[in-house]
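To start, the structure under review is shown below, and the notes come after it.
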Amino acid sequence: MKPDLSAEHGLLARARLHDSDTLALIFDTYYAAIFRYIYVRVGHKETAEDLAAHVFQRLLAHLHDGRGPEQFLKAWLFRVAENLIIDEARRGALRTHAPLDDNAGWLSSSPDEDDPIVLNNLRTALEQLPSVQRQAVTLHYLLELSNDDIAQIMNLSVGAVKAHVHRGLTALRNNMSEKTNHEPE
Amino acid sequence: MNPNDDLIEQFEAARAELEHFPDSQTQDRARAAFLASASVTRNGHMRHSHHNSALLHVPVMLQGEKKMPVHQSQRLRLAAAILIAVLLAGGIWTIPTLRSLAQEVISFFIRAEDNVRNDEIYVGGTPVESGEQPGGTLAAAIAAAPFDVHVPTVIPNGFRLDSAEFTHGVVLLKLTCQEPWAVWITQRVFNPAEVVPQDIGASAMIEAVDIHGAVGQYVHGTWDVVLPENFDALRQNPDRQSLAVESVWNNDLPWGKLTWTADDLMFEIVSAGGLMSEDGRNHRCAPSREQFSALANGLIANSALASS
């Protein structure tokens, strides 16, 4: 279910009144996408579950305090998710004393045993991209969000989103092709 | 873009794999926790404008200024010990009846109007003896309690079960780490009419924690008591006296509290001590939310352990 942005405005108005049906609808509408986005980025189910829960807890806290999003709920949720991912990456870097390199690669050394193979390979490749390209490509090709939605999430113009997606995909293709060429036969 | 591009095909395959996430169990669990939190938030919000501060005034664990100089920390640690003793002896277990709080979802916490509140602490004099010294054994507490005591089967690294006792209707298990860090686990018969929600700062977050299907309410942070300049002199006074202080809620302090009900019992896990120690407030003994959760999920009814 993908409500349009005008519908989101009504959802948020009702959510601010702590209407439980509305909050349930918001959760049912966005939880899976938020979870998947985080999971793609961190590659660890339990971490994704924790961070996704934090995203929605933060929504409740903001609604409670009257500081919640006025519109663009989906973009707001993804931005919170992105911030939590970055925070978690920093914590991970601190825990392992590893250098913080563009927030990437911080959990890739210990993926779940039952990680999906194709997704895992793509995640590794995506981690080589600059963060803005990684985010744009992930949202476009793995989450299948529209360029308008991605522009809202990343606070960019639609044109800039298209450029980042294109450059990211080109860089991905080059990196993967390079990797294939260097693999021993 | 070439639609037959290998890379595009890989994305399609990855999307197909991604469709399996999150699994229904994860989503159901998250949904239940979210809606429970929403209910807690809603109830807290509703009572926010009506709450009677006198009824909701609860004992506070003493903390010092966040950036206090080291030379102040020892005296404050002593003060903390005194206060904790006073709280233990002077009615931490005394809970007034407040039937209006028995609602569909019990709120164990309630947000204050802002992050600053006025408190009253007691200083000086000799701590009142409770008459029942802590330090008993788990077996003795199990034998004394009129309910099925839940035994910790998971203990955070660095902690050990220090003592257990049953007093004033409450089983108190004390886990200690490096002195003075500790975690208390309390268990008592659950009576919704006797639950008084604990006052938390306006910026505090109430998080839902799954505990074998029950929804626990977890809050990280605590009230930071701002002590007066003459506190050192006041605590030397042979007569105990009350002291009006100001407390500031701080979400960053590594103290937490987890409360939930299960099996007709009410459980609380509270981190205690440590804030006054020289090694600061990010000590390894400060339990994380995950450790709170593991500890809670590791509490098993003694009867179940005995029969297994």
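Return yes or no: is B:Ala139 modelled with pLDDT of 85 or more, open to solvent by 60 Å² or more (accessible area, probe 1.4 Å) and of a type outside the set (Phe, Trp, Tyr)? Yes: the conditions hold for B:Ala139. Give the stretch A:56-70 a look and list any residue that's open to solvent by 30 Å² or more (accessible area, probe 1.4 Å) and either within 20 Å of A:Leu25 (Cβ to Cβ) or more than 9 Å from chain B (Cβ to nearest Cβ) (or both), or say none. Passing the criteria: A:Arg58, A:His62, A:Gly66, A:Arg67, A:Glu70.
Looking across the stretch B:16-34, the residues that are at the interface with chain A (Cβ under 7 Å from one of its Cβ atoms) and either surrounded by fewer than 18 Cβ atoms within 10 Å (Cβ to Cβ) or in contact (Cβ under 8 Å) with a residue 40 or more places away in the chain (or both) come down to B:Glu17, B:Arg31, B:Ala33, B:Phe34. The single condition among (1) farther than 21 Å from A:Asn155 by Cα; (2) at pLDDT 90 or above; (3) not small (Gly, Ala, Ser) that A:Lys45 does not meet is (2).
Going by what's in this entry, would B:Ala193 be described as modelled with pLDDT under 85, closer than 24 Å to B:Asp264 by Cβ and surrounded by fewer than 17 Cβ atoms within 10 Å (Cβ to Cβ)? So B:Ala193 fits the description; yes. The set of residues in the stretch B:225-270 that are touching a Gly at 6+ places or on another chain (Cβ under 6 Å), open to solvent by less than 30 Å² (accessible area, probe 1.4 Å) and assigned to a strand (DSSP E or B) comprises B:Trp249, B:Asn250, B:Leu258, B:Trp260. A count restricted to the stretch B:201-223 and to residues that are under 17 Å from B:Glu113 (Cβ atoms) and of a type outside the set (A, V, I, L, M) stands at 4. For the stretch A:17-31, a residue qualifies if it is open to solvent by 50 Å² or more (accessible area, probe 1.4 Å) and within 7 Å of chain B (Cβ to nearest Cβ), and exactly one does: A:Ser20. In the stretch A:32-55, the condition of being more than 30 Å from A:Ala125 (Cα to Cα) and either within 12 Å of another protein chain (Cβ to nearest Cβ) or surrounded by fewer than 20 Cβ atoms within 10 Å (Cβ to Cβ) (or both) is met by no residue.
The values are calculated or read from the model by the stated rules, or taken from the named source; none is laboratory data. All of these numbers come straight from a predicted model, not from anything done at the bench. Neighbour counts are summed over all protein chains in view; Cβ atoms, including those assigned to glycine, are modelled from backbone coordinates with ideal geometry. These area figures cover heavy atoms from the full protein model, side chains too; ligands, DNA and RNA do not enter into them. Shrake-Rupley method; radii C 1.70, N 1.55, O 1.52, S 1.80 Å.
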